[in-house]
Every structure is written in C-alpha cells, then in structure tokens.
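Below: the structure, in structure tokens.
What follows draws every value from the coordinates through simple rules; no lab data is involved. On a predicted model such as this, the values are computed, not experimentally measured, just so you know. Please note: Cβ atoms are built from the backbone with ideal geometry, for glycine as well, and neighbour counts cover all protein chains shown.
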Amino acid sequence: MKSIFDTSACQLILERMDKLHPNLPAQWGKMNVPQMLAHCQAPIQVGLGEKKIQQSVVGFLFGRIAKKQLLKDAPFKKNLPTDPSFIIKDERRFDHEKQSLQLLIQRFAITDQARLARMKHPFFGYMTAEEWGRLVWKHLDHHLLQFGV
C-alpha cells in the first residue's frame, strides 16, 4: 500500500498534480478542479493540527469500521459521503489552490510521525502515522483519478 511518507509515492502525486488544469472535466462528483484542490487540503490540515474538527457521533460509532474498509488496497469508491466541513462550494483560484496543496503535501510528508499519531481524525478517531500516510495518499489518488490524472 502506498503512503505519502514514501518519497517516490509522494513525488508521483506531485507529478500527477502537474498534469491538472482548471478546466478538466470531472469523471464523477460535483467539484471542479480548483474546488477539489481546496477540498484535498482539509484532511491534511487536520493531520497537521491546523484545522480542528470535533468527532461526530456517527464517526464515534462507525469510524473504526469505515477506516478498516478505506485503508484496504482497493481504491476509494466514487461519491463517498464527505464531512460537511470538507465540502467546497465556492469558486477558487486554480493556481493558488494547487500551490497551497503542493506545499501542504510536502510539509505533511516530513511531519513528525509521533505527533501525527496523537492527532484525532474527525471521523476515524486516532490513527497510527502509517494509517495517516496511507489515507492521505489514497484520498489524493482518488481525487486525481476523479479528473483523469
């Protein structure tokens, strides 16, 4: 399983991001490319401790089960539910969002993994650094595939 902490896997994500342009059509979902780039920043900001979101009751009850399913080798399913605080509806600037996400990915890839394991995900609860790395990679991969890259 790939992880954002693997240097080559991280580099591949960044290279795929370079193939994006603002008018690529989505193969599923409602977001355009700039909105997707902004959306992808939110979970990384949670892991870095920059975005605070309380765990929901649904997350408390079902988060561990969902985490096990999402961390399997299979890609994410299309149109999975999204935490409302991660939904981006307003228009965004492509260049700004792309650069912001690239910088967040680079920071996350070198973050203190022991500190990361103490960060609580708003749906899945506490996760190991390995789980965070896999989840971030899979989430980015999912949305890059959404736009065909």
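For the stretch 1-130, the ratio of Cα radius of gyration to the globular rule of thumb 2.2 N^0.38 Å stands at 1.06. Note on Thr7 and Ala74: their simple-model spin labels are 3.5 nm apart, each label 7 Å out from Cα toward Cβ.
Here Lys67 is the anchor, and the aspartates and glutamates within straight C-alpha reach of less than 17 Å, apart from those fewer than 8 places off in the same chain, are Asp83, Glu130, Glu131, Asp141. Listing Trp132, Trp137 from the residue with the fewest other Cβ atoms within 10 Å to the one with the most, what is the order? Ordered from fewest to most neighbouring Cβ atoms within 10 Å, Trp132, Trp137 come out as Trp137, Trp132. For His121, the amide hydrogen comes within under 5 Å of the amide hydrogens of Tyr126, Met127, counting only partners 5 or more places away or on other chains and with H modelled in the peptide plane.
Mind checking the full-extension length gain between Leu48 and Val149? Use 0.36 nm per residue of separation minus the Cα-Cα distance, one decimal, nm. Show your work: numbers first, answer last.
On the way: separation 101, 0.36 × 101 = 36.36 nm, distance 2.59 nm.
Contour length minus Cα-Cα distance gives 33.8 nm.
Taking amide H atoms as placed 1.01 Å from N in the peptide plane, the amide H of Lys51 lies under 5 Å from those of Val46, each 5 or more residues away in sequence or on another chain.
What FRET efficiency do you get for Ile110 and Lys30 if R0 is 30 Å and r is their Cβ-Cβ distance, rounded to the nearest 0.05? Write out the running numbers ahead of the final one.
Details: r = 33 Å, r/R0 = 1.09.
Plugging the Cβ-Cβ distance into 1/(1 + (r/R0)^6) gives 0.35.
Working from Cα pairs under 8 Å separated by at least six residues, relative contact order for the chain is 45 percent. Phi angles across the stretch 37-45 convert, under the Karplus curve 6.51 cos²θ - 1.76 cosθ + 1.60 with θ = phi - 60°, into 3J(HN,Hα) values of 4, 5, 4, 5, 6, 4, x, 5, 4 Hz, Gly and Pro given as x. Sorting Lys78, Lys51 by the number of Cβ atoms found within 10 Å of their own Cβ, with the fewest placed first, yields Lys78, Lys51.
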